[in-house]
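> This is the structure, below, for whatever I ask next.
The values are calculated or read from the model by the stated rules, or taken from the named source; none is laboratory data. Remember, it's a predicted structure, so these values are computed and weren't measured experimentally. Please note: Cβ atoms are built from the backbone with ideal geometry, for glycine as well, and neighbour counts cover all protein chains shown.
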Amino acid sequence: MVAVIAALVAAYRLHHDRALWSADGPIYLRMALEDRGLNPAAALAVTDRYVLAGTSEAKNPDSQGFYGPTPPEHYRTQAALFVTRPLYPAVAALLLPRYGPFALKIVSAVAYALVTLVFFVLLLRFVTPPIAAIGGLALLFSPEIESIAALPLTDMLALLFWIVALLALIAYVDRPAIATLAAFAVATALLAITRPAVYLPFFAAVGAFAALPRASAARGAALKAVAAAFVVALAFGAYTLLGHGPGLIEQLRWEYAWQQTLHERFASHGLAVWWLLSVLVASVQDVAIGIYKDNLLLLLALAVLGAMRARRSPFFGIAIGCIAGALVAVLVHPLDTIRTVTIPLTPIAIVFAAIALQALARAADADGRILAEGDSTLEAGR
């Protein structure tokens with residue numbers, strides 16, 4: 001049932017958002033076209049024609065001038081930031097001959113449906129199937145995730161690899177085996193070349209290691225997971241260096257130039273002041289607004305209750321590590337907390353909320369049995 005609902009919702013988002021694109025999408029389309037053999041100039045020309053012919057970007061006032069002979073400097077240089085994200089356009093390139101640019105949206109929608117299924121499997125390690133189904137659907141319909149489910153972006157594919165890495169890490173710590181450690185390392189590597197978020201599995205493994213008892217087999221397994229994620233991070237760093245990918249300072253400089261072009265807040269105060277103020281705002285104001293806007297208070301309340309019940313489990317340490325990793329990401333990219341904080345941490349919150357729901361369901365069932373036994377005793381006394 002969960003699989004059917006996920007497939008239907010993914011198909012609906014594909015249909016509903018068919019013409020909806022974002023400014024990042026055309027860059028991935030150019031990369032996919034180059035993967036099919038077009039030279040950069042031809043790929044750019046094809047992309048510009050397609051975007052201007054019938055996508056939402058053609059009428060987006062924030063994207064005026066992006067698709068033509070003289071795009072603004074910050075958009076022209078943005079493509080250089082994506083050179084270390086080859087997997088998503090490469091997968092879409094396989095579908096280009098049959099589906100054209102729509103292939104990028106298909107990849108995102110399929111990944112969106114698979115995210116729900118893998119997350120359902122992850123939840124089964126903590127709760128019963130009915131509660132796991134509720135948690136899987138909660139992720140499926142999470143506002144910030146559903147709204148970009150079928151957009152030509154890396155987020156859904158990256159979320160899939162992130163949840164696979166989480167599942168593999170939990171399974172490996174619970175019962176160490178070479179297969180699950182390898183799955184964790186591979187999922188981490190695939191995540192890194194989809195979105196540069198290798199820090200998430202690394203910090204999750206560090207959190208598991210810190211939370212487990214000393215001299216335990218599980219702690220030794222967690223240390224191996226830390227080492228595996230660290231090796232992947234080093235390999236990704238070498239790949240970035242050899243491929244002339246962006247460093248952290250280059251990323252921040254691009255973001256600052258982008259904000260200057262748009263005359264956004266703090267952009268006239270210099271790079272250091274802009275960065276400090278943006279991080280402070282992103283860490284407090286943006287997160288608070290996001291919680292209010294998406295009505296997440298109930299989810300967070302349940303998550304806190306679930307975290308209290310699971311505070312002695314390895315997953316509690318994993319969650320703390322994930323939160324630390326997301327906060328570190330804000331230091332590098334303070335302008336989009338939805339993609340660096342909300343989306344990667346939503347599965348963590350739902351796991352804890354599902355644990356809380358399981359506890360509440362068992363408590364209600366126990367109360368029901370007590371009441372039934374009491375009624376039976378009264379009837380017998382009569």
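> Being on the phi < 0 side of the Ramachandran plot and touching a Phe, Trp or Tyr at 6+ places or on another chain (Cβ under 8 Å) narrows it down to one of 92, 103, 109, 79, so name that one.
Residue meeting the stated conditions: 92.
> Next up: Can you say whether residue 210 is without any contact (Cβ under 8 Å) to a residue 40 or more places away in the chain, under 19 Å from residue 324 (Cα atoms) and part of a helix (DSSP H, G or I), as far as the supplied structure shows? Working first, answer last.
Details: without any contact (Cβ under 8 Å) to a residue 40 or more places away in the chain: no; under 19 Å from residue 324 (Cα atoms): yes; part of a helix (DSSP H, G or I): yes.
So residue 210 fails the test.
> Please indicate, with yes or no, whether at least one residue in segment 5-21 is surrounded by 14 or more Cβ atoms within 10 Å (Cβ to Cβ) and within 28 Å of residue 244 (Cβ to Cβ).
So far as segment 5-21 goes, yes, one or more of its residues are surrounded by 14 or more Cβ atoms within 10 Å (Cβ to Cβ) and within 28 Å of residue 244 (Cβ to Cβ).
> Could you identify the single residue in 108, 63 that is surrounded by 17 or more Cβ atoms within 10 Å (Cβ to Cβ), under 30 Å from residue 141 (Cβ atoms) and at pLDDT below 95?
On the way: 108 fails: at pLDDT below 95.
Of 108, 63, the one residue that is surrounded by 17 or more Cβ atoms within 10 Å (Cβ to Cβ), under 30 Å from residue 141 (Cβ atoms) and at pLDDT below 95 is 63.
> Give, as residue ranges, the helices (runs of 4 or more DSSP H) completely inside segment 227-341 that count at least 2 residues that are closer than 30 Å to residue 175 by Cα and modelled with pLDDT of 80 or more. Full working, then the answer.
Details: elements: 248-262, 271-281, 287-293, 297-309, 314-332.
Fully inside segment 227-341 and qualifying: 297-309, 314-332.
> Quick test of your reading of the structure: residue 153 fulfils all but one of (1) within 23 Å of residue 236 (Cβ to Cβ); (2) among the aliphatic types (A, V, I, L, M); (3) touching a residue at least 60 places away in the same chain (Cβ under 8 Å); (4) in a helix (DSSP H, G or I). Name the failing condition by number.
Here residue 153 meets the rest and fails (4).
The rows are residues; the columns are (1) under 17 Å from residue 235 (Cβ atoms); (2) in contact with a strand residue (DSSP E or B) (Cβ under 6 Å, 6 or more places away or on another chain); (3) part of a helix (DSSP H, G or I).
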{"site": "136", "(1), (2), (3)": "no, no, yes"}
{"site": "145", "(1), (2), (3)": "no, no, yes"}
{"site": "149", "(1), (2), (3)": "no, no, no"}
{"site": "186", "(1), (2), (3)": "yes, no, yes"}
{"site": "191", "(1), (2), (3)": "yes, no, yes"}
{"site": "195", "(1), (2), (3)": "yes, no, no"}
{"site": "203", "(1), (2), (3)": "no, no, yes"}
